[in-house]
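Have a look at the structure below, then the notes.
The values are calculated or read from the model by the stated rules, or taken from the named source; none is laboratory data. The structure displayed is predicted, hence computed values, not measured ones. Quick reminder, even Gly has a Cβ in these numbers, built from the backbone with ideal geometry, and neighbours come from all protein chains shown. Heads up: the accessible areas ignore ligands, DNA and RNA and are worked out on the full protein's heavy atoms, side chains in. Shrake-Rupley method; radii C 1.70, N 1.55, O 1.52, S 1.80 Å.
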Amino acid sequence: MADPSTYRPKPGEIPDSPGVYRFRDEHRRVIYVGKAKSLRQRLNNYFQDLAGLHPRTRTMVTTAASVEWTVVNTEVEALQLEYSWIQEFDPRFNVKYRDDKSYPSLAVTMNEEFPRVQVMRGPKKKGVRYFGPYGQAWAIRETVDLLLRVFPVRTCSAGVFKRSAQIGRPCLLGYIGKCSAPCVGRISPEDHRELAEEFCDFMAGHTGSYLRRLEREMQEAAEELEYERAARLRDDIDALKRAMEKNAVVLTDATDADLIAVAEDELEAAVQIFHVRGGRVRGQRGWVTDKVEAVGTAELVEHALQQLYGAEQGDAATGGGSGGVPKEVLVPALPEPTEPITQWLTERRGAQVSLRIPQRGDKRALMETVNRNAEHALVLHKTKRASDLTTRSRALEEVAEALDLDSAPLRIECFDISHLQGDDVVASMVVFEDGLARKSEYRRFQIKSFEGQDDVRSMHEVISRRFRRYLVEKQKTGEWPEEELGGELESGPADGPPGQRPAPEPGPGQPVAEPSAPQQPARGAGRDEEGRPKKFAYPPQLVVVDGGQPQVAAAQAALDELGIDDVAVCGLAKRLEEVWLPGESDPVVLPRSSEGLYLLQRVRDEAHRFAIRYQRGKRGKRLRGSPLDTVPGLGETRKKALLKHFGSVKKLRAASVEEISQVPGVGRKTAETVAAALSRAAPSRPAVNTATGEIVEEE
């Protein structure tokens, strides 16, 4: 626990101007980001007598080891920079609204030749119109099923669409009249796009004129004695009215507004948002947060506005859904001061935004409904979380007691080795914090120091590389003497999150992002010297290895060689689920009903799954690879030209240098390089398909 007086800025150092400040811990991770109209007044509040601070604020300042700030010109710039840094650094003491699910939206892919209606989750894509979000995906599908009778827009995937076009026969929806079958040419691309635009207009709330047109057509059909057509139009009108009933009118003045309500207690807060478009509730979503800082309702509203509109741009009325910023934002309490947040919302919308508290009428009544939803969400969350938190806490305490640790291991890292008969040897590292998986911090390794099968040696290499990188990060901050570290063993291109290679490390003194051009959130584990998520900068309290005594001894030896003595090590053997400790001849046997054993099993199984996935992908890539991949300087275009000219790698290998150089774009020097590489890569025996026993010819 740090003493705030050890890092308190000297008198006169803090400027008396607007700005954003960051508290960092001993590992240089950003743990709190805040903004202030006057940095001097705000920061001085943190360095008063600890007894006078809120308990959560006291915990934050004693966890921190330093504070720094960036001066900006206006409070709006401070608001923008605060949002960018919270997204970038993910500080543990800031209010961060979380949800246990991603809300689905109804999406119309207007960026395709034949727009498709579908349920979509995740980040929004350019050229796609969104409606929602909805609480349940089935609610979207019910609405779409009713509307397809009137607007038979394509709903099939690209694969189904392509297949139907190839065979010249539409899918079932095309036969029952719920798709206009553009795949077989029953409707032109232009007419299908017009149909999709009508669908979007109806979903955006422009329903009255369309219903009146259908009613007029129904009456005309009845007058002309076209009773079958009139009956179809009548059924279409009924289907549209049933779809409209799902979004009843709540505001008679066709208002576009978002209503935000907050329910809170001393520890947590729940936020509910109703998206009203054209006077109808078009979507709803909610978040829950721990109150890790001393905040009131107004501050919670401000954080909710930042999270809700930070990534939005443009007017919600023109977006056709709940995306964008609406004309009105109704809240239970106004942030102080109100002007900066109102100006920020106006800039994001591109037009004036009204931020206010509803006082009377329909909007006040609807706000009470939103507030009841928030209160219910908080009660439901606390009911679910009570059992979950109790179980996780008990599991961590049991692990600490069984392994004789000083405290519960809040961060656990587990390592596993995977290979297939000694080929494609890889390793995985998974991370659990507070008993929950942190998948963004998973890492994978290629074994580099030797070839063949040796799990013990592989474990030693992986542990050494992981913790050597940790020491490198500590060395940069001066926490670890350089002479004790020696030469750095780089992790290499395969060490990093799945599907991502580590970026070059920024040098010391790298400038902080300006408010006008905030950097994008980095991805990775730990934090770099700027506090951004990074590779291996944050140490665990417990290392778990998949294996028994030999693997545990190898892991402990790697830590001893690096001089690390504050990280516990254990191994979990699969056969009897025994827990092995370094230097112990007998294992620790936890009861089968132990929550601690169950946690260790989950950690071990997750590491095994992640390692197997990487190993299979690596093996598949190797088997699908071509000998031409090893030829230096040979790009994809010339590879295709060579294979097209000779027909297969086997025939290319048998060709002479003169024959290879006759291929367009391939000179003699390249031909010599190709011939030499193929001669070295000549297979010693034919490849065999292990499933069928057939000899596989090279292509």
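Tally the residues that are part of a strand (DSSP E or B) and open to solvent by 60 Å² or more (accessible area, probe 1.4 Å), restricting the search to segment 59-68.
0
So is Val95 outside any loop (DSSP other than H, G, I, E, B) and of a type in the set (Val, Ile, Thr) or not?
no
Condition check ((1) modelled with pLDDT under 85; (2) not hydrophobic (A, V, I, L, M, F, W, C)) across all residues:
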{"position": "Glu347", "(1), (2)": "no, yes"}
{"position": "Arg385", "(1), (2)": "yes, yes"}
{"position": "Ala402", "(1), (2)": "no, no"}
{"position": "Phe415", "(1), (2)": "no, no"}
{"position": "Leu420", "(1), (2)": "yes, no"}
{"position": "Val430", "(1), (2)": "no, no"}
{"position": "Ile447", "(1), (2)": "yes, no"}
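Being at pLDDT 85 or above, more than 18 Å from Val95 (Cβ to Cβ) and of a type outside the set (A, V, I, L, M), is that true of even one residue in segment 47-59?
Yes, there is a match, as at least one residue in segment 47-59 is at pLDDT 85 or above, more than 18 Å from Val95 (Cβ to Cβ) and of a type outside the set (A, V, I, L, M).
Quick check on segment 148-155. Is at least one of its residues farther than 16 Å from Val108 by Cβ and either open to solvent by less than 20 Å² (accessible area, probe 1.4 Å) or not charged (D, E, K, R) (or both)?
No, that holds for no residue.
Taking the residues in segment 1-25 that are acidic (Asp, Glu) and in contact with a helix residue (DSSP H, G or I) (Cβ under 8 Å, 6 or more places away or on another chain) as candidates, determine which candidate is most open to solvent (accessible area, probe 1.4 Å).
My answer is Asp16.
Looking for something farther than 28 Å from Glu339 by Cβ and either outside any loop (DSSP other than H, G, I, E, B) or in contact (Cβ under 8 Å) with a residue 40 or more places away in the chain (or both) - is there at least one such residue anywhere in segment 69-90?
Within segment 69-90, one or more residues are farther than 28 Å from Glu339 by Cβ and either outside any loop (DSSP other than H, G, I, E, B) or in contact (Cβ under 8 Å) with a residue 40 or more places away in the chain (or both).
Given (1) at pLDDT 85 or above; (2) over 31 Å from the mean Cα position of the chain (by Cα), identify the lone condition not met by Gln453.
(1)
Restricting attention to segment 277-287, does a residue exist that is in a loop (DSSP other than H, G, I, E, B) and either at pLDDT below 70 or more than 26 Å from Lys363 (Cα to Cα) (or both)?
Within segment 277-287 (the criterion being in a loop (DSSP other than H, G, I, E, B) and either at pLDDT below 70 or more than 26 Å from Lys363 (Cα to Cα) (or both)), the answer is no, since none of the residues qualifies.
Considering each residue of segment 545-567, count those that are small (Gly, Ala, Ser) and touching a Pro at 6+ places or on another chain (Cβ under 7 Å), and give that number.
Looking only at that region, the number is 1.
Closer than 30 Å to Ile260 by Cα, at pLDDT 85 or above and within 26 Å of the chain's Cα centre (by Cα): does that describe Arg92?
Answer is no for this residue.
Report whether or not Phe47 is over 24 Å from Glu302 (Cα atoms), of a type in the set (Phe, Trp, Tyr) and open to solvent by less than 70 Å² (accessible area, probe 1.4 Å).
Taking the combined requirement at face value, the residue satisfies it.
If only one of Val379, Val353, Val430 is over 30 Å from Pro550 (Cβ atoms) and open to solvent by less than 20 Å² (accessible area, probe 1.4 Å), which one is it?
Val353
Within segment 344-402, track down each residue that is among the β-branched types (Val, Ile, Thr) and in a helix (DSSP H, G or I).
Thr346, Thr369, Val370, Val379, Thr383, Thr390, Thr391, Val399 - these are the residues of segment 344-402 that are among the β-branched types (Val, Ile, Thr) and in a helix (DSSP H, G or I).
What are the pairs with Cβ atoms under 9 angstrom where one residue, in segment 343-354, is in contact (Cβ under 8 Å) with a residue 40 or more places away in the chain and within 13 Å of Leu79 (Cα to Cα) and the other, located anywhere, is of a type outside the set (A, V, I, L, M) and in a loop (DSSP other than H, G, I, E, B)? Sequence gap at least six, or different chains.
As it stands, the answer is Gln343/Thr74, since those pairs meet every condition given.
Restricting to segment 649-676, give me the number of residues that are modelled with pLDDT of 80 or more and either surrounded by 17 or more Cβ atoms within 10 Å (Cβ to Cβ) or assigned to a loop (DSSP other than H, G, I, E, B) (or both).
17
Just give me the residues in segment 194-209 being crowded, with 16+ Cβ neighbours inside 10 Å and at pLDDT below 80, in sequence order.
If the condition is that a residue be crowded, with 16+ Cβ neighbours inside 10 Å and at pLDDT below 80, then Phe202, Met203, Ala204, Gly205, Thr207 are the ones that fit.
Tell me which residues, restricted to segment 266-276, are surrounded by fewer than 20 Cβ atoms within 10 Å (Cβ to Cβ) and assigned to a strand (DSSP E or B).
Scanning segment 266-276 gives a single hit, Glu268.
What number of residues in segment 178-193 are open to solvent by 40 Å² or more (accessible area, probe 1.4 Å) and at positive phi?
The qualifying residues number 1.
Given the conditions (1) modelled with pLDDT of 70 or more; (2) touching a Ser or Thr at 6+ places or on another chain (Cβ under 6 Å); (3) among the aliphatic types (A, V, I, L, M), report the number of the one that Ala294 does not fulfil.
For Ala294, the exception is condition (1).
Being open to solvent by 40 Å² or more (accessible area, probe 1.4 Å) and free of Cβ contacts under 8 Å to residues at least 24 places away in the same chain is true for just one of Arg28, Arg42, Arg56. Which residue is that?
Arg42
On the basis of being in contact with a helix residue (DSSP H, G or I) (Cβ under 7 Å, 6 or more places away or on another chain), at pLDDT below 85 and open to solvent by 30 Å² or more (accessible area, probe 1.4 Å), does Gln313 make the cut?
When the stated conditions are applied, Gln313 passes them.
Among the numbered criteria (1) in contact (Cβ under 8 Å) with a residue 60 or more places away in the chain; (2) over 27 Å from Glu584 (Cβ atoms), which one does Leu396 miss?
(2)
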